[in-house]
Amino acid sequence: MILIRSTPEFSSLFPSSYFSVLNRTPDNANEGNDADTTPVHAIRNVQVFEHEENFSLTMDMPGVKEQDVTITEEDFTLTIEALRKSGDKEVCKFHRKFTLDKKSVKPEGIKANLADGVLTVTIPKTPAPQTLEIAPKSSDPPAETEGDTFFRVDMPGVKMEDLKVNVTGNELFISAERKKGSSTSVFKRFFTVDEKIDTDKLEAFLADGVLTLTAPMKEVKDSKTEASVRTVPVTKNMIEQEK
């Protein structure tokens, strides 16, 4: 079993969010294209807000109509493009890309609206994983087979009733007490399990003072499958946000 000690990592650009902005300012987007002389600008004044069930991005787009905004998502990359017009003349173009955290958001539920020159993009959160309590079995573990992972921890003197194994998503927590007379020794360990391991099928076995954890590997998806591109419609209706 591949285990890494827990070390939380967060995006540095937005400390209270799970977004990071791709450093792309297409000031030279018109190079090599003489037919298109409309200046392209990076979208500025972007703000990120975190709510209980979603995140929201707001950005200023004065003079832009909702039909001139194009928002797409592909492989957790959000692309926003907009065109500002004056009559039939194109005044300028706006462009910005964002990288979304794969663990934290559900891109299929993205919504957007443009009101009073401000674009708001709402991105729903992924539901928090439930904590599963793994009941250890007082028996020898099954024979090791190809495709399964095994992890062992020596726990001499620990009784079944004094052992707890919990898993939340890919976070594993083991706690145990070793009692000897009036003295008690406490054992607590926290691990981050490799994402390739199916923790929903984790099993625990305690025999001869050794705790054995076993779980199969997740089914590998076809890497050749191309990521689909989602187009997010932009409306004029205000999106109600949580406080």
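The values are calculated or read from the model by the stated rules, or taken from the named source; none is laboratory data. Keep in mind that what you see is a predicted model, and the values were worked out from it rather than measured. Quick reminder, even Gly has a Cβ in these numbers, built from the backbone with ideal geometry, and neighbours come from all protein chains shown.
Does L114 count as within 25 Å of R44 (Cα to Cα) and out of contact with any Lys or Arg (no Cβ under 9 Å at 6 or more places or on another chain)?
No; evaluated as a whole, the condition is false for this residue.
Examine the stretch 3-25 for a residue that is under 30 Å from F173 (Cβ atoms) and at pLDDT 90 or above, and state whether such a residue exists.
The answer is no, given that none of the residues of the stretch 3-25 is under 30 Å from F173 (Cβ atoms) and at pLDDT 90 or above.
Does A135 count as surrounded by 10 or more Cβ atoms within 10 Å (Cβ to Cβ), modelled with pLDDT of 90 or more and hydrophobic (A, V, I, L, M, F, W, C)?
Considered against the rule, which asks whether it is surrounded by 10 or more Cβ atoms within 10 Å (Cβ to Cβ), modelled with pLDDT of 90 or more and hydrophobic (A, V, I, L, M, F, W, C), A135 comes out as yes.
If you check K164 against the conditions, is it more than 30 Å from F98 (Cα to Cα) and either at pLDDT 90 or above or among the hydroxyl-bearing types (S, T, Y) (or both)?
Answer is yes for this residue.
Give me the strands (runs of 3 or more DSSP E) completely within the stretch 50-120, filtered to those with at least 1 residues that are surrounded by 15 or more Cβ atoms within 10 Å (Cβ to Cβ), touching a helix residue (DSSP H, G or I) at 6+ places or on another chain (Cβ under 7 Å) and not acidic (D, E), ordered by residue number.
Once the strands (runs of 3 or more DSSP E) in the stretch 50-120 are filtered for at least 1 residues that are surrounded by 15 or more Cβ atoms within 10 Å (Cβ to Cβ), touching a helix residue (DSSP H, G or I) at 6+ places or on another chain (Cβ under 7 Å) and not acidic (D, E), what remains is 89-100.
Considering (1) touching a residue at least 24 places away in the same chain (Cβ under 8 Å); (2) of a type outside the set (S, T, Y); (3) not in a strand (DSSP E or B), say which one I123 fails and leave the rest.
Here I123 meets the rest and fails (3).
Looking at G32, G63 in this structure, which one is modelled with pLDDT of 75 or more and at positive phi?
After ruling out the rest, the residue left standing is G63.
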